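Participant: For reference, the structure I am asking about is given below.
Just so it is clear, none of the values below were taken in a lab; they were calculated from the coordinates. In this text the structure is predicted, and so the values were computed from the model without any measurement. Every residue, glycine as well, gets a Cβ built from its backbone with ideal geometry; the counts of neighbours run over all protein chains shown.
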């Protein structure tokens, strides 16, 4: 059995329009949400064996909150330029090369919406305004497959979908 944690980057800062999209950092709300979601992972004993992240600044900063919050070793985290705004298919290719039991990926929409929807065996409940992977959301998926190379679309069980704003209401 392999486990996937899909985490969309936290809310980005749009106050500097001259920055290239890939260079946008987290907004203050994003920093708070990334820290909160790292705590959620810890509270639920969902410590990843490996973290693979887009190299975009906002994704990198989000992954760094997870690394610090869970006291992960530096060698556990890998940043990949080609995963910036990657499609679901590209993420699947990346996942099929993994060898750790529990992998956390950090990236962007629309690829993550497509990935989570495509992997889950059952329909997923959207937010009231029709969103799936809101900023800093984490989807926890479990596959019966024993190896990443064997994962297929429509075969994962969605164990949890945690969204920062929904956690604030608890």
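Participant: By counting other Cβ atoms within 10 Å of each Cβ, how are 90, 95, 104 ranked from fewest to most?
Facilitator: 90, 95, 104
Participant: At 0.36 nm per residue, and after removing the present C-alpha to C-alpha distance, how many nm does the segment from residue 99 to residue 15 gain when stretched out fully?
Facilitator: Working: separation 84, 0.36 × 84 = 30.24 nm, distance 3.94 nm.
Full extension from residue 99 to residue 15 adds 26.3 nm.
Participant: Cut-off 10 angstrom, C-alpha nodes, Gaussian network model of the chain. Which of 19, 72, 83 fluctuates the most?
Facilitator: Of the options given, 19 has the highest mean-square fluctuation.
Participant: Taking a virtual spin label 7 Å from the Cα of residue 165 along the C-beta vector, which residues in the range 103-132 bring their backbone nitrogen under 13 Å of it?
Facilitator: In the range 103-132, the label zone of residue 165 (backbone N under 13 Å from the point 7 Å along Cα→Cβ) covers 126-132.
Participant: Going by how many other beta carbons lie within 10 Å of each one, how would you line up 91, 14, fewest first?
Facilitator: Arranged by neighbour count, lowest to highest, 91, 14 become 14, 91.
Participant: Report Rg/Rh for the range 97-170, rounded to two decimals, where Rg is the Cα radius of gyration and Rh the Kirkwood radius. Numbers along the way, then the final one.
Facilitator: Details: Rg = 12.8 Å, Rh = 13.2 Å.
Answer for the range 97-170: 0.97.
Participant: Any chance you could give the angle, 0 to 90 degrees and rounded to 10, that helix 57-69 forms with the longest Cα principal axis of the chain?
Facilitator: Here the helix axis deviates by roughly 70 degrees.
Participant: Highest mean first, how do 149-160, 31-42, 105-116 rank when packing is the count of other Cβ atoms within 10 Å averaged over residues?
Facilitator: By packing density, highest mean first, the sequence is 105-116, 31-42, 149-160.
Participant: Multiply the residue gap between residue 155 and residue 44 by 0.36 nm, knock off their C-alpha separation, and tell me the result in nm, one decimal place.
Facilitator: Between residue 155 and residue 44, full extension yields an extra 37.7 nm.
Participant: Any idea what angle helix 28-43 forms with the longest principal axis of the chain, computed on alpha-carbon atoms, 0 to 90 degrees, nearest 10?
Facilitator: So the helix axis and the longest Cα principal axis differ by about 30 degrees.
Participant: So which residue, out of 25, 48, 123, gets the largest mean-square fluctuation from a GNM of the chain using Cα contacts under 10 Å as springs?
Facilitator: Between 25, 48, 123, it is 123 that shows the largest mean-square fluctuation.
Participant: Of (i) 17.2; (ii) 15.8; (iii) 16.2, which one was derived for Kirkwood radius over Cα pairs in Å from the structure shown?
Facilitator: (ii)
Participant: I need the per residue convex hull volume for the range 1-83, using only the alpha carbons, in cubic angstrom as a whole number.
Facilitator: 89 Å³
Participant: Return the calculated 222 nm mean residue ellipticity for the chain, to the nearest 500 deg cm²/dmol, obtained by summing -39500 (n - 2.57) across DSSP H runs with n ≥ 4 and dividing by the residue count.
Facilitator: -9000 deg cm²/dmol
Participant: For a footprinting-style exposure proxy, rank 131, 11 by other Cβ within 10 Å, fewest first.
Facilitator: Least to most surrounded, the residues fall as 131, 11.
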